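One structure is given here, and the rest of the page talks about it.
The values are calculated or read from the model by the stated rules, or taken from the named source; none is laboratory data. No experiment lies behind these values; they were computed from the predicted model shown. Neighbour counts run over all protein chains shown; Cβ positions are idealised from the backbone, glycine included. To get the accessible areas, we keep the full protein, side chains included, count just its heavy atoms, and leave off ligands, DNA and RNA. Shrake-Rupley method; radii C 1.70, N 1.55, O 1.52, S 1.80 Å.
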There are 2 protein chains.
Amino acid sequence: MRAVVLVRPKAGILDPQGEAVESSLRQLGFTVGETRVGKVIDLEVAADSPSAARAEIERMCERLLANPLIESYEIELEEDE
Amino acid sequence: MRAVVLVRPKAGILDPQGEAVESSLRQLGFTVGETRVGKVIDLEVAADSPSAARAEIERMCERLLANPLIESYEIELEEDE
């Protein structure tokens, strides 16, 4: 089952990459508000059901993919595969 | 208008970060298939319509957010704001 995991800096946590992108966009003449940069992880996981896949990916997030102190994560399963 | 931009390495393009994540997940005992890592950019753009917002963000992607040689991008507008 394929999944998309979005890992973002939590609200209130400093995001220097987001600040750099925001500042560069403004220098290029774009009008943008707050910009935040995180990671998107596309992966394929073997699981019998969507709920088992989600639980397995939550464990991956807690152990490796996200730093729970400063990042939040969101899991989207592609159910049609 | 808020938007989410997903920037991913194109198919066939080497993704060392994805390979590192895949290998680390396996070392932790997870069973995963191909893993790819890209960026998620959350930003706020001033535009009169969703189509104008999308066109503006496409320009941002082409000028700064994505490297069109090796990355593809996807724009999701949050229309309810």
(Q) Suppose we filter B:28, B:14 for residues that are farther than 26 Å from residue A:23 by Cβ, open to solvent by 40 Å² or more (accessible area, probe 1.4 Å) and facing chain A (nearest Cβ under 9 Å); which single one remains? (A) B:28
(Q) Of the residues B:8, B:63, only one is open to solvent by 30 Å² or more (accessible area, probe 1.4 Å) and in contact with a strand residue (DSSP E or B) (Cβ under 7 Å, 6 or more places away or on another chain); which? (A) B:8
Q: Take residue B:21 and decide whether it is open to solvent by less than 70 Å² (accessible area, probe 1.4 Å) and touching a Lys or Arg at 6+ places or on another chain (Cβ under 7 Å).
A: no
Q | Every pair of residues 6+ apart whose Cβ atoms lie under 8 Å, when the first sits in the stretch A:52-66 and is within 19 Å of residue B:27 (Cβ to Cβ) while the second is open to solvent by 10 Å² or more (accessible area, probe 1.4 Å) and of a type in the set (S, T, N, Q) | A | A:64/B:24; A:66/A:72
(Q) Given the criteria out of contact with any Phe, Trp or Tyr (no Cβ under 7 Å at 6 or more places or on another chain), farther than 20 Å from residue B:66 by Cβ and surrounded by 20 or more Cβ atoms within 10 Å (Cβ to Cβ), does residue A:70 qualify? (A) no
Q: Give the number of residues within the stretch B:44-59 that are open to solvent by 50 Å² or more (accessible area, probe 1.4 Å), modelled with pLDDT of 95 or more and at the interface with chain A (Cβ under 8 Å from one of its Cβ atoms).
A: 2
Q: Answer yes or no as to whether residue A:41 is touching a strand residue (DSSP E or B) at 6+ places or on another chain (Cβ under 7 Å), more than 17 Å from residue B:64 (Cβ to Cβ) and exposed (fewer than 15 other Cβ atoms within 10 Å of the Cβ).
A: no
